[in-house]
Amino acid sequence: MQQTPIKSFYFEHGPHAVILLHAFASGPVDVRLLARYLERENYTVYAPLFTGT
């Protein structure tokens, strides 16, 4: 089974915006439920992917 690569996401919806930052050992998928909730509440949401070295 092939995994989908984790990547940043952007939900453009309302006039106010939120940037969601994930923890060092996780990714944007971990904040997706919160992002969808904020989008329903009329917020634009961006969650960038931070890569570790």
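Since every read-out is calculated from the coordinates, none of them should be taken as a lab result. As the structure is a computational prediction, the values presented were derived from the model and not from experiment. With ideal geometry, Cβ positions are generated from the backbone for all residues, glycine too; neighbour counts draw on all protein chains shown.
For the reader, a short list of remarks on this structure follows.
- Sequence ranges 15-21, 39-45, ranked by mean other-Cβ count within 10 angstrom, highest first: 39-45, 15-21
- For residue 9, residues with placed amide H under 5 Å, excluding near neighbours: 47
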